[in-house]
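Structure first, then comments.
The values are calculated or read from the model by the stated rules, or taken from the named source; none is laboratory data. Model, not experiment: these values are computed from the prediction. Virtual Cβ from ideal backbone geometry, glycine too; neighbours counted across all protein chains shown.
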Amino acid sequence: MLFFDLWTNTGFGDKILDLLAILTVARILGKKIKCKWSPGCQEDRQYDNELFTLTDLTWALKSEEPPIKKQDFFGENNGCWGYFMQQHLEKGIINDQIIPINTFWGTTSLERIYEALPFYGLQNVHPTQVWEAYFDIAKTIIPCKKIHDRINTEGAFGIHIRLSDKCVENPNQFTMNKDEYANIKYKCIQFIKQQDINTKFFVCSEDKAACNELKNTIRELGKNVIEVDYEGLKLDELALLDFFCLSRCELIVQCTKYSTFSIAASLLNRIPLINFYGLNNNALGIWMKTANINIL
């Protein structure tokens, strides 16, 4: 068994994508993973790992420390953001600890996993083996009963609005400005208008005002909106319910420029993902050969 210290301190999508990458490498190595889960940096949204399960994995105790800590690689005062670990280490397994492929959270696509295989001592692996292992593991990500029993989005069109830190004044390949969001939202509404009157829509977002506004717009267009029971859920449970509801939809629409939350949800059951921004200055290009992405 190999120990994996999940360094990612960002959102659930980043965490799942980084975990999927390492589990894929471990599967090809014929190894299981013990993972030290990183709950996140938001006190009110810690993404408890008891809320879901997946194959080939056991969770390390919260008190359990990895054989080698992140600071041992980079030093106490050195950052590690955005490094491909092959640039800094000779091998990816040290003292039964498997090292992340890179530290640019949530960007390890199938191509990047394949390119990193020699770092883990793997040679002459066919790309199909990587692809099959990745999606075989992805489909085993299952919510706990508390969340599972509230999922009611089978056959619906899921719409994910991602704002907060993704909507900024000076955007980069992961973010957008207000005008760009307005254009994406306009295209999203035009897409909704084109759908059959019997199409059902599930809308989710961390921004409840934006979520409710789009729901009202859909209803005004004479379309159906699916409501999910959030009663009694904490914020991390609510977010994971949204994630797994998206993963059960017929397709996912990104009403945002870029979000690993909806990318990861689409990968669980390999459902189509629609994006209205395009690939120019958009990190979405990383995922074009991994996810089923359609640019409209």
message: I'm told Tyr277 meets every condition in (1) closer than 25 Å to Ala133 by Cα; (2) of a type in the set (Ser, Thr, Tyr); (3) surrounded by fewer than 24 Cβ atoms within 10 Å (Cβ to Cβ) except one. Can you identify the failing condition by its number?
response: (1)
- prompt: Is segment 201-216 home to any residue that is under 28 Å from Lys139 (Cα atoms), in contact (Cβ under 8 Å) with a residue 60 or more places away in the chain, surrounded by 13 or more Cβ atoms within 10 Å (Cβ to Cβ) and in contact with a Phe, Trp or Tyr (Cβ under 6 Å, 6 or more places away or on another chain)?
  reply: no
- request: Would you be able to say whether some residue in segment 131-140 is basic (Lys, Arg) and modelled with pLDDT of 95 or more?
  value: yes
- prompt: If you scan segment 280-296, which residues turn out to be crowded, with 23+ Cβ neighbours inside 10 Å and either without any contact (Cβ under 8 Å) to a residue 24 or more places away in the chain or under 24 Å from Asp229 (Cα atoms) (or both)?
  reply: none
query: Are any residues in segment 43-99 at pLDDT below 80 and closer than 21 Å to Phe243 by Cα, and if so, which ones?
result: Glu43, Asp44, Arg45, Gln46
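Residues are listed down the side, and each one gets a yes or a no for (1) of a type in the set (Phe, Trp, Tyr); (2) touching a Phe, Trp or Tyr at 6+ places or on another chain (Cβ under 7 Å):
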| site | (1), (2) |
| --- | --- |
| Glu220 | no, no |
| Lys223 | no, yes |
| Glu227 | no, no |
| Tyr230 | yes, no |
| Leu233 | no, no |
| Ala239 | no, yes |
| Ile252 | no, no |
| Lys257 | no, yes |
| Ala265 | no, yes |
message: Of the residues Ile22, Ile68, Ile28, only one is within 19 Å of the chain's Cα centre (by Cα) and either of a type in the set (A, V, I, L, M) or on the phi > 0 side of the Ramachandran plot (or both); which?
response: Ile22
- prompt: How many of the residues in segment 108-166 are without any contact (Cβ under 8 Å) to a residue 24 or more places away in the chain and not in a helix (DSSP H, G or I)?
  reply: 4
Segment 167-183: number of residues that are part of a helix (DSSP H, G or I) and surrounded by fewer than 20 Cβ atoms within 10 Å (Cβ to Cβ): 5
